Every structure is written in C-alpha cells, then in structure tokens.
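Just so it is clear, none of the values below were taken in a lab; they were calculated from the coordinates. Computed from a predicted structure; not experimentally measured. Note: ideal-geometry Cβ built from the backbone for every residue, glycine included; neighbour counts use all protein chains shown.
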Amino acid sequence: MEVSREATGASDPFLIQVAPRMFITPDGMMRDEFRAMGTTIDLLLPDKQAQEAARVVRNLFATWEETLSRFLPTSELSRLNQRSGTSVMVSTLLFDVLQTALAAAQQTDGLYDPTLLQQLLRAGYDRSFDVLPADQPEREGTVEPGGAWRDIQLDPTLRLVTLPAGVGLDFGGIAKGMAVDAAIASLKQLSLDTALVNAGGDLAVMGLPDGYTAWPIAIQGQKTSWLVPFHHGALATSSVARRRWQQGTSQRHHLLDPRTGEPARSSLWSVTVAASTCMQAEVATKAVYLLGLQQGKAFLIEHALAGFLLEEDGSWSTAGSWPAELMKPLEDTDE
Amino acid sequence: MPPYYENNPQKNTRLNQPSLLYQSFPGQAQPFPGSYARQRPPTQPPRRPPMPKHQAQAIVETWKRWIVIVSLLSFGTLGGLILSNMPATSTNATNGTNATTTGNPLATPTAPSSTGGIFQQPQGGGGFGFGGQQGGNGGFGPVSHSSGS
C-alpha cells in the first residue's frame, strides 16, 4: 500500500486517502512502474515484449518531462516562460502541446487555461508537489483571473511562440494525458496489441489481457472505490483530494478557476471521464469540475463523453454512456 | 513540298530546306491532306469586310468582363484555400470575450479539427467503451486505478 502524503496527518476527512496498490497483474503481462512528470507511471505490458516496450515508454516520458516540466529550470518550457514578451522558436513537441492546449482552452471557453502559472505560483504551488511544504506563507498582491491564452501568438511555419509579457505556461494535466496517448501510439508502433499506460490516474488501454472481457479499473472515492469494466479508450480523473496544501489560513489545491484565478470551489469532489484519448478525458474532467454537477453533465453529453461525478457529500451520478449498472463497490479505502 | 514552304516564300532559306532524311519520310514530304488543305486553298477566298468598330468594342468589353469575373473567382478560390489551411488568430485581449479570427500568420491555432475539435470522436470505431458484465472477468480485482492526480 502506498500512503499518499495527505494521509500523514490533517483533520480534513478528504485528506485521509490511501491509494490502493493491490492491483492484479493479469497472466501473460508484466507490470512496470516509474516516476515521471511529477507522478507515478504504471504500465501493464505483454510479457514477451515488456522489456523493449517499457524502455520506449520510459524514454518517452523522460523526453516529455525534460521538455514540458515547469519545475525543471532547464526545460524548454521554463526557458520559454522566462522569455515571455519575445518570439521564441520551440521544438515540435512543445509547439504541438501548446497548440492542443490552446485548442482546449478555446473549446472549453477558457475553463481549461494553460496560462495560470503566475496564479499557481501565488497560491504557493512553486515546486514539484513531492517537495512542496504542507504550509505555505501568504503572498502579497492581487489575484488576476486567467484568459491570457487568448493573447498568445504562434507562427506555425517557423514554430515561433510569443507569450504576452509576464505570462507563463503551465500545461497541467493535458501534457500528461497527451504523453499517455503518445505512449500508446508508440506501443502500437512496436506491434503490441495489449497494454495499459497509467500516469497518476490518467490512463489509456488497448486490447485485452488473456481471459479478460474488460480491464477492471478502480475509481477512487472518499471512502469507497468502485470497479468499472473498461474496454477501450482512456480514463482520467480530477479531484481535489490530492495536491492540497495550506497557505496561511486558507486551504489550497491545484485546480484553479480561470474566472477568478483562485483555487476552484465546486460541489464536486472528483470527476472521472471516459473518452477516446487521455487528452480529451483530462481536459473534460477539468471543465466538468469547474462547471459543477448539472452543467458538467450537459458538457459531457454535448461532447459525447461519459462521466462519473462524485460530490463532496459522497453521493454520485453519471453522465453519457457511463455504465452505472456495471460498477461494483470495492472495500473501503479508509485505514 | 509542305504548304508552309509554299505560303512563306520569304522564309525559303537554306535552313528551312528539308533535309534528305526529312524528305525521305513520305508522311511529311506530302502536303497535309484533309481540313488543313481546305483551310489553305490555293486560291484565297474573298476578304470579309472589316468588323465595325462598335462590334469590336462590344466583343472587347465582353472579354474584359469575363476576365475580371474569372480573375475574381480564381483569387477567391485561392484565398479560400489558403485561409482554410491557415490557423486563425486570436486578436481579442479582453478576458472573457470570444476570440475573433483573421488570417494573421502570427496566429493562435484553432482546434485540431475544425468540425469536431479536440473532443471529436473517431469515425468508424475507436472511441471508448465499457466491458461486459462484471462477472465476465471471473471476479478479478482491479488491474489499475483512475484517481485524481
């Protein structure tokens, strides 16, 4: 069992979370696990191709992290952020992720916003969460809302990016989701027909293990988890249960509301979305969380996605084609 | 002897003389039969009277009009093709307002797909799906999890 940092002490009941690590490795498959992009990457790969496949995926995540992490001062993203206000030629990877992030911002009417770096820093999230102190001092200054993504200029021909002066990028989960999708694509190129790639809860699957009719995936709640038979596609979950810290007298978390620039307030405790790609699922979870229960469900239906929405009081509901009838409660995760 | 040679006596230079090899090719050594021969009869037909000036001007005007129309259509089509392949730009700096699009090469990209955007589901399969009955897995426990990261 891996105890998350929140389990180490606070009176907030939402902080008492224990991540289940009693996962089954199907016959004929091998599990590999490593740290990258600020989270744990979990792989299920066919035995015979596991070594080569794991090496490819590890290299992929290492490259993505070296390019896109805002916590690495030498990353390409950090260098771009330092040069806001000027045109900078960037790599294909950074340009593609930025283009996708801006498209996501546009199609969520700014609910997903990749330009909230200054707001995150002000909220105290200034280093990787692994080393973030539980208590942060209050910071001076007023909080600006988001929306600066509208002023980013791109030149696709030369891959030039011009960030507005003083604006920095933090891709958040979209980069992780895209990395999962890229990993699945790489495994297909290696002729794998069965695999699962999970980056801290954002996962994608292809094929099925021998003897399985679906991938049994645990969806974590406050006290209860559910088992969902997932067949193909991707799942992502956004929750305020993790990545929380104290700043002065305020409880902070990493999901900022671009409309205010402050940590979001929502009646939802977590949102899990099923989609074709992990990028889609990741963006949709953020948007639904910010929209709240009813508008969030409408958003999912509008985009032909499926979702599982868990509220702070423990009640839950589904949207789209999410199979509530196939969900099976697991044992309590409290300890 | 080809008719070209007959009708251009001034150009009857040595360079225009058919070579021996050329002459030995019977198909080209003979006058071209058929319509060509009829268009260039040995005796010229009586000349038509010159076109009246107003008629000529009318024809020129018609041609001008068509040239303008075809040019506009061509530019329009070409411009449309270019714009459809060029990302739009966001020009509105005000928070909370909708972005407008222009053909500025320094552009904020539109969605990856103009029809379905980033949430577009793949055509003809793919997408996402859930499995059969839970018991279909023989009571297997979870192989992985999705939780807030």
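If the reach is capped at under 22 angstrom between alpha carbons, list the lysines near A:LYS188, excluding any in the same chain fewer than eight residues apart. Candidates past the 8-residue exclusion: A:LYS48, A:LYS176. Put in order of Cβ neighbour count within 10 Å, fewest first, the listed residues A:ASP109, A:ASP32 become A:ASP109, A:ASP32.
In what order do A:ASP170, A:ASP313 fall by count of nearby beta-carbon atoms within 10 Å, going from fewest to most? Write out the running numbers ahead of the final one.
Numbers: A:ASP170 24, A:ASP313 9.
Going from least to most buried by this count: A:ASP313, A:ASP170.
For the segment A:154-162, counting C-beta atoms of other chains within 10 Å of every residue's C-beta and taking the mean gives 3.
Listed by chain and number, the lysines placed with their C-alpha closer than 18 angstrom to that of A:LYS328 are A:LYS223; residues fewer than eight positions away on the same chain are left out. Cβ crowding within 10 Å ranks A:TYR212, A:TYR289, A:TYR112 as A:TYR212, A:TYR289, A:TYR112, fewest other Cβ atoms first.
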